[in-house]
Amino acid sequence: MDTAASTAPETAAPPAAAPVSPWWERWGDRLNPLVVKEVRQGLRTRTFWVCFGLMLLSCVVLSLVAYVEVREAAFASHGRSYFFSFFLCLGVVHFFVIPYNAYRSLAREREDETWVLLVLTGLGPRRILRGKMTSYLVQAALYASAVGPFLLFSYFLNGIALPTILIILALGAAWLVFLTLVGVCAATLADGRLGRAFIHFTLLAALATALVQGNVAAFVLSDEGDRLLRNDGFLYAVGISLLLMLTDGWLLFEAAASRLSLPTEDYTRGPRRALLAQVLVGMLCGVGVWWFEARDHTVPEIFGIVGALHLMAVGLFVATDVDGQARPLRSGTRPWSLLRPGALRGFRLVVLLLAAWGGLFLGLELLAADTPLRGDAMRMATVATPVYGILFLSVAVLLGRMARSDRLSSPAALRLLFVAAVGLASALPPLVAVLMELEGDDGLINLLNPVVGIVNFGGYDYTTGGPKMTWPLLGFVVGVTVLAAFAADRVLAEREKRAHAL
């Protein structure tokens, strides 16, 4: 007879507990699994260890040389020179190697057609780009952690203040992030082999120039930092530079993500929102600086002209989007939906931003506390700068989109047409004036010249005691611009209807 114990089913053995991964791996995979993959892959490359070893060796040799010099001259101040030497070793890696490696990483994904596999993971373009950016910034932090003790060592050599070191490092970090975003965005620009080769060599030249600029700025700040920190103009310049690097970096990131998005997605919302935020922040900064500088007239003049030129360069890429939009997006698009895809909405957004920018800073000039001798002329120049931008954007759209050729109306062709139109309008009128035995900067002949025209509207004629140009002439340019912008808007609206009808 079987006992109860023999008839009872055998108790199953408990399953073995799965190994628990470290907390940093769990959090890394949760935040962005691509970061862990890219960091591990980057740390295994020969480039990382060669650059890391050479940088560390250079810093060690420089520190030994500094030790010998300090022993021979105990009261000498060598901090500035050795800080710049250590920063130069770090700058070569941060301002050239890291951005170039970020460019090659994304360009290789597109060349080897492995980008599709990354998209299939469900991360999306923004998370993938954010993961690649973070991975290279982690590598940059490893480089900086190796050079950090040497930079601190230079402070104890006397001759350089701690606030100067912190400002240089903060500006260098912002410059690193901006250049890395430039490299990532450049990898998304071209699709063909010829275009990729052109972008590759252009980026190499741009990074070499950025390396020189970053190191020259660090040298000037380390050499004149104590005096510059007491200058309000320098502090304003540092703040505006940081703001431009951060906002332009955000704009480049959104542009890269939109380039990698599908046509059925709302791919222009990110870049146009970043542009709108940049313009609003720029306006607030301009008003703030104008107010704190006791309503000085020079503030709106500088902000109005330089800011309009920057907005013109960025707006060229927004206003030259492809015609129309995907069918799933059409139902939710309204006349005021300027952040939606389509060249028509991009053109309208850029025109409105340029007009608002010029109007704001013209108003600040009219409310300025002082009225200098050239005040009226600079007000006309402040208005003329965005007006010329709208005019030649409209001319490029009319030349490219009125034609039936799809190749001439492509975004790249429109940008080339804009550059060609600006170049011809800047070069031909002075040549005509010389052939007619007139002055090269004659006001009437150069009335539609975007370069000489701005200079003429901002010029002052000391013989007559008034501005070189007049408000009626500026009114004529504004009238021509309004007609050209209206015609370009109608052309874009007609092309969008045709694109949606297909």
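With protein chains left intact and a 1.4 Å probe, residues in segment 350-439 average 48 Å² of accessible area per residue. Solvent-accessible area of segment 387-468 (1.4 angstrom probe, protein heavy atoms only): carbon and sulfur portion equals 70 percent.
Once the cut-off is 19 Å, how many percent of the Cα-Cα pairs in segment 417-502 end up in the long-distance tail?
Values: 1954 of 3655 pairs.
Percentage above 19 Å: 53.
Could you tell me what a quarter of the Cα convex hull surface of segment 459-502 works out to, in nm² with one decimal place?
Details: hull surface 14.3 nm².
Averaged projected hull area, Cα only: 3.6 nm².
Restricted to Cα atoms, the chain shows a radius of gyration and a Dmax of 28.8, 130 angstrom. Helix 33-43 axis versus longest C-alpha principal axis of the chain: approximately 80°, rounded to the nearest ten. The convex hull built on the alpha-carbon positions of segment 140-184 has an orientation-averaged projected area of 3.3 nm².
Rounded to the nearest 20 debye, the dipole magnitude of the chain is 1440 debye, with +1 charges on Lys and Arg beta carbons, -1 on Asp and Glu beta carbons, and the Cα centre as origin. Kirkwood analysis of the Cα pair distances in segment 257-300 returns a hydrodynamic radius of 12.6 Å. Couplings 3J(HN,Hα) for segment 465-470, derived from phi with the Karplus relation 6.51 cos²θ - 1.76 cosθ + 1.60 (θ = phi - 60°), are x, x, x, 5, 10, 10 Hz, where x marks Gly and Pro.
Taking the solvent-accessible surface of protein heavy atoms with a 1.4 Å probe, what is the per residue accessible area of segment 210-263 in Å²? Can you show the working numbers first?
Working: 2820 Å² over 54 residues.
So segment 210-263 comes to 52 Å² accessible per residue, rounded to a whole number.
Distance from the alpha carbon centroid of segment 382-440 to that of segment 445-476 works out to 19 angstrom. Rounded to the nearest whole Hz, the Karplus-based 3J(HN,Hα) values (6.51 cos²θ - 1.76 cosθ + 1.60, θ = phi - 60°) of segment 270-276 follow the sequence x, x, 6, 5, 5, 5, 4, with x at glycine and proline.
So what's the projected area for segment 388-433, the Cα convex hull averaged over all directions, in nm²?
Details: hull surface 13.4 nm².
Spelled out: convex hull of the Cα atoms, projected over all directions, averaged, 3.3 nm².
Only helices enter this figure: runs of n ≥ 4 DSSP H residues, each worth -39500 (n - 2.57), summed and divided by the residues of the chain, yield -25000 deg cm²/dmol at 222 nm to the nearest 500. Projecting the Cα atoms of A277, T333, G214 onto the charge dipole of segment 205-339 (Cβ charges, centred on the Cα centre) puts T333 farthest toward the positive pole. The phi torsions of segment 176-192, fed into the Karplus equation with coefficients 6.51, -1.76 and 1.60 and a -60° offset, translate into couplings of 4, 4, 4, 5, 5, 5, 4, x, 5, 5, 4, 5, 9, 7, 10, 10, x Hz, rounded to whole numbers, with Gly and Pro shown as x. Entry for segment 303-408 at q = 0.14, 0.17, 0.18 Å⁻¹: log10 I(q)/I(0) = -0.64, -0.82, -0.88, Debye formula applied to identical alpha-carbon scatterers, no solvent contribution. Think of the chain as a dipole: +1 on every Lys or Arg Cβ, -1 on every Asp or Glu Cβ, centred on the Cα centre; then among V419, W471, T134, T134 lies furthest on the positive end. For G466, the residues 5 or more places off, or on other chains, whose built amide H falls under 5 Å of its own are D461.
If you wrap the tightest convex hull around every Cα atom of segment 192-349 and split its volume per residue, you get 132 Å³. Overall, the accessible surface of segment 167-323 at a probe of 1.4 angstrom is composed of carbon and sulfur to the extent of 74 percent.
Taking only the Cα atoms of segment 102-228, the radius of gyration and Dmax are 18.3, 56 Å.
So for segment 306-348, considering every pair of alpha-carbon atoms, how many percent are separated by more than 14 Å? The partial results should precede the final answer.
Numbers: 448 of 903 pairs.
The answer is 50 percent, as a whole percent.
The values are calculated or read from the model by the stated rules, or taken from the named source; none is laboratory data. Predicted model, so just to flag it, every value in this text is computed and none were measured. Don't worry about glycine lacking a Cβ; one is built from the backbone with ideal geometry, like all the others, and counts go over all protein chains shown. For the accessible areas, the whole protein counts, side chains as well, though only heavy atoms, and no ligand, DNA or RNA atoms are used. Shrake-Rupley method; radii C 1.70, N 1.55, O 1.52, S 1.80 Å.
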